[in-house]
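Below is one structure, written out as structure tokens, with a few remarks after it.
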Amino acid sequence: MIKAEKIAELTAAIRKWKEEGKSIGFVPTMGFLHEGHLSLIKKAKSENDAVVVSIFVNPLQFGPNEDFEAYPRSMERDLAVSEDAGADLVFAPDAGEMYKGKPAAAITVTNRVDVLCGKSRPGHFDGVAAVLTKLFHLTQPDRAYFGMKDAQQVAVVKGLVDEFYFPLEIVPVETVRESDGLAKSSRNVYLTEQERAEAPHLQKALQKAAEMAEAGEWDAAKLENQIKDYLNTHTTAEIDYAEVLSYPELAPPAEESKEIILAAAIKFSKARLIDNITLKLKL
Ligand code: PAF
């Protein structure tokens, strides 16, 4: 496995693979890899000739009061587990390599950002779109793999790719969970023992509301209240949001919606957790 810290090293490998007619799968990450990331790498390996993993904690997608400095990092371990999962190249640049001085242009995401994490974290998806635009151009993948825990990110990135005609396919991959249902996340290490015990209730709250929806309850406000009530009863966390929207449009659900998302974010003392359930509707 190649470790590339410089753009020139990455693009040399990509050029060679393209000349050899190889397909490229790309898994963008911010490191501190867990089984969720490894499932993306394994899927990419099963569908492509060469797999590139990027490890870059992107400063542009963190707000001023967020956890950029404290974001967990574990490069040596990440390299080893990426290789085991089938990565052919890990691109791990520093911030100076990705952002060279004053930007000449910026990306503004204009759709699907006034809800969920986009509403709570203004500018977050502009930062995600900017770094992915660079990474997609450098990596030239046939397919890029994203976990559905960040379902809004999947929808926003699909919008970016469609808008600018990036010649690649976005492949959403199912969330990987602990045995008690908690979604795997790099931020789970921040949880205290008590918070860790409460955290699986995030998924349970969404499941209860999803059961109501499947039983015919289509009032988004009622479903959102059910999620909030459950979280307030079963956790000490602060609720950031609980929303029910159409997916992937992320608009208020309408009669003709084919799929909905039930999503919530909660804040514990040091960790903000997100999770969701998407439901296909039987029309
Ligand atoms: O999901 C993430 O880890 C990040 O948002 C991504 C896609 C790697 C962009 O920095």
Give me HIS124, HIS34 sorted ascending by neighbouring Cβ count inside 10 Å, so fewest comes first.
HIS34, HIS124
In degrees, nearest 10, the alpha-carbon axis of helix 75-85 is tilted away from the dominant principal axis of the alpha carbons of the chain by 90
Exposure proxy order (Cβ contacts within 10 Å, fewest to most) of ILE274, ILE170:
ILE170, ILE274
With -39,500 (n - 2.57) per DSSP H segment of 4 or more residues and division by the full residue count of the chain, the 222 nm estimate, nearest 500 deg cm²/dmol, is -12000 deg cm²/dmol
Ordered by fewest other Cβ atoms within 10 Å, a rough proxy for footprinting exposure, ARG112, ARG77 read ARG77, ARG112
Magnitude of the Cβ-charge dipole (Lys and Arg +1, Asp and Glu -1) of segment 159-283 about the Cα centre, nearest 20 debye, reported as 440
Given Cα pairs under 8 Å that are at least 6 residues apart, what percent is the relative contact order of the chain?
17
Relative packing of peptides 216-224, 137-145, 65-73 - highest average C-beta neighbours within 10 Å first:
137-145, 216-224, 65-73
In terms of the charge dipole of the chain, which places +1 on Lys and Arg and -1 on Asp and Glu at the beta carbon, the residue among LEU160, GLY101, THR233 farthest towards the positive end is GLY101
About the Cα centre of segment 1-96, what is the dipole size in debye to 20, counting +1 per Lys and Arg Cβ and -1 per Asp and Glu Cβ, all else neutral?
320
At 1.002 mPa s and 20 °C, plugging the Kirkwood radius over alpha-carbon pairs of segment 59-191 into Stokes-Einstein gives what diffusion coefficient in µm²/s?
129
Could you compute Rg(Cα) / (2.2 N^0.38 Å) for the chain, with N its residue count?
1.02
Under the classification rounded if a/c is under 1.5, otherwise prolate if a/b is larger than b/c and oblate if not, where does segment 59-107 fall, given a ≥ b ≥ c as square roots of the Cα gyration tensor eigenvalues?
oblate
Gyration tensor on Cα atoms of segment 137-227, a ≥ b ≥ c root eigenvalues, a/c under 1.5 rounded, else prolate if a/b beats b/c, else oblate, says oblate
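Here, each number is a calculation from the coordinates, and none is a lab measurement. It should be emphasised that the depicted structure is a prediction, and the values quoted were computed from it without experimental measurement. Positions of Cβ are backbone-derived with ideal geometry, glycine not excepted, and every protein chain shown enters the neighbour counts.
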